[in-house]
Amino acid sequence: MTTILLTRPEGENESLAALLVGHEADIMIRPLIELSAIKVTPEAKQHVMNIDQQDVVIFVSKSSVRYALPLLENYWPQWPLAPRWLAVGPGTAGALAEFGIQAAYPRIAGGEGLLELPALRVVSGGKVLIVRGVGGRELLARELTRRGAEVTYLEVYQRSPVAGADWTDIPPGSVAVLTSLEALVNLTSQLGDDIYQYRVVVASSRIATEANGFVQTIIAAGASDQALYDAILGCL
């Protein structure tokens, strides 16, 4: 029986685990990254207070919704008519919907898909706010700036590697599901010289490029539960 390691931060693995119930697999939830809120800077507060002056606001993950929306609610008891709200995928759009925000999202989740949405095709002279964790991909900001937009970030959380976990119980041939570069780096550190015995399912080609030394790397069609599930099935 194949062991599948679900490595997203705590609380973000259960829905994918539920999809895998009934398959010939041993499901282990072993977070590699933990998230935490960061101090709200005066600049971040200003972005929140002036969010109605943005043309587009983009949420790049469910975590960005989780950490940003309570902050936004402190200043906006009723959502402004502007801006246009965008989400990186259906999961993030669903998280926004829980707060009463209807967001458009691409058919294929990810930054590349976002850039194909009508709201981002013509942005010259417009203002775009990207809500995210500290760091992360620069693809969106770089391309939107090239298209003539004024791009700013609202960073609302940080990622830290989960330390102290015992990985000696993970059998060779197991499949780890990775949705971030930070998770990949921590997994590589945990496995050490035994990395060649394991397989990974990654959420993007960007992560796959850095996933060196594994016996097999499978690229999912995105970071959604369904895309990861489909890729995992190829390992069973």
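Taken together, the values in this text are just the output of simple stated rules run on the coordinates, not laboratory data. Predicted model only: the values in this text are computed from it and were never measured. Cβ: placed from backbone, ideal geometry, glycine included. Neighbour counts: every protein chain shown.
Okay, helix-only estimate at 222 nm for the chain: each DSSP H run of n ≥ 4 adds -39500 (n - 2.57), divide by all residues, round to 500 deg cm²/dmol; what do you get?
On the way: 10 runs with 79 residues, N = 236.
Calculated from helices alone, the mean residue ellipticity at 222 nm is -9000 deg cm²/dmol.
Extending each Cα 7 Å along its Cβ direction at residue 230 and residue 39, get the distance between those two points in nm, one decimal.
So the two model labels end up 4.5 nm from each other.
Let me check against my output: what whole-number percent is the relative contact order of the range 1-117, with C-alpha pairs under 8 Å and at least 6 apart? Could you put the intermediate results ahead of the total?
Values: 143 pairs, mean separation 22.1, N = 117.
Computed value for the range 1-117: 19 percent relative contact order.
Where does the range 107-236 land on Rg(C-alpha)/(2.2 N^0.38 Å)?
Details: Rg = 17.4 Å, N = 130, 2.2 N^0.38 = 14.0 Å.
Against the empirical 2.2 N^0.38 Å value, I get 1.24 for the range 107-236.
Taking the Cβ of residue 73 as the centre, find all other residues whose Cβ is under 13 Å away and add up their charges (Lys, Arg: +1; Asp, Glu: -1). The partial results should precede the final answer.
Values: positive: 66; negative: 98.
Within the 13 Å Cβ shell, the charges total 0.
Can you tell me, using C-alpha contacts under 8 Å and at least 6 residues apart, the relative contact order of the chain as a whole percent?
Numbers: 427 pairs, mean separation 50.6, N = 236.
Once divided by the residue count of the chain, the mean separation gives 21 percent.
Can you tell me the orientation of helix 181-191 relative to the chain, as the angle in degrees between its alpha-carbon axis and the longest Cα principal axis, to the nearest 10?
Compared with the principal axis, the helix lies near 20 degrees.
Taking 0.36 nm per residue of sequence separation and subtracting the Cα-Cα distance, how much length would be gained by fully extending the chain between residue 73 and residue 139, in nm to one decimal? Present the calculation step by step, with values, prior to reporting the outcome.
Numbers: separation 66, 0.36 × 66 = 23.76 nm, distance 2.83 nm.
Extra length from residue 73 to residue 139 when fully extended: 20.9 nm.
Where the convex hull is taken over the Cα atoms of the chain, what is its projected area averaged over directions, in nm²? Please report the intermediate quantities before stating the final value.
Values: hull surface 51.5 nm².
Answer in nm², one decimal: 12.9.
Any chance you could run the full-extension gain for residue 1 through residue 98? It's 0.36 nm times the residue separation minus the Cα-Cα distance, nm to one decimal. Spell out each step's value before the answer.
Details: separation 97, 0.36 × 97 = 34.92 nm, distance 3.75 nm.
Taking residue 1 through residue 98 to full extension adds about 31.2 nm, to one decimal.
FRET efficiency for residue 193 and residue 163, Cβ-Cβ distance as r, R0 = 22 Å, nearest 0.05?
On the way: r = 19 Å, r/R0 = 0.87.
Step by step, r from the Cβ atoms, then E = 0.70.
On a full-extension model of 0.36 nm per residue, what is the gain between residue 107 and residue 215, subtracting their alpha-carbon distance, rounded to one decimal in nm?
Values: separation 108, 0.36 × 108 = 38.88 nm, distance 3.07 nm.
Result for the pair: 35.8 nm of gain on full extension.
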